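Worksheet for the structure shown next.
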Amino acid sequence: MGIIRLLMFVLAGLLAYLLFQRLLGRGGSGESPDQADERLDRLVQDPVCGVYVDSREAVRHKVPDGELFFCSKDCEQKFLDKSSG
Ligand SMILES: [Zn+2]
């Protein structure tokens, strides 16, 4: 019979732990609140060819303003050619 109680206890502990993690995740690591959804799937637009890509799979390119996302290295290169010329 004791095992049910044990399971309940473990579940409650797990829930408390998850809640606690969420609370900590908000405050912590210098991320602005606007970027809280960063971990979710996010579509970003390639500024060169206009295609939408998953931000996790996109080719990232850091710029002074932030970050640009490209569907491929080719597009990144095209963008660099344009902006430098
Ligand atoms: Zn592209």
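Evaluate the distance, in nm, between pseudo-label points positioned 7 Å from the Cα of residue 80 and of residue 7 along their respective Cα→Cβ axes. Calculated label separation equals 5.7 nm. For the peptides 11-22, 42-53, 68-79, the ranking by packing is 68-79, 42-53, 11-22, with the highest mean count of neighbouring Cβ atoms within 10 Å listed first.
Read-outs: derived from the displayed coordinates by stated rules, not from any lab. All values derive from a computational prediction rather than experimental measurement. With ideal geometry, Cβ positions are generated from the backbone for all residues, glycine too; neighbour counts draw on all protein chains shown.
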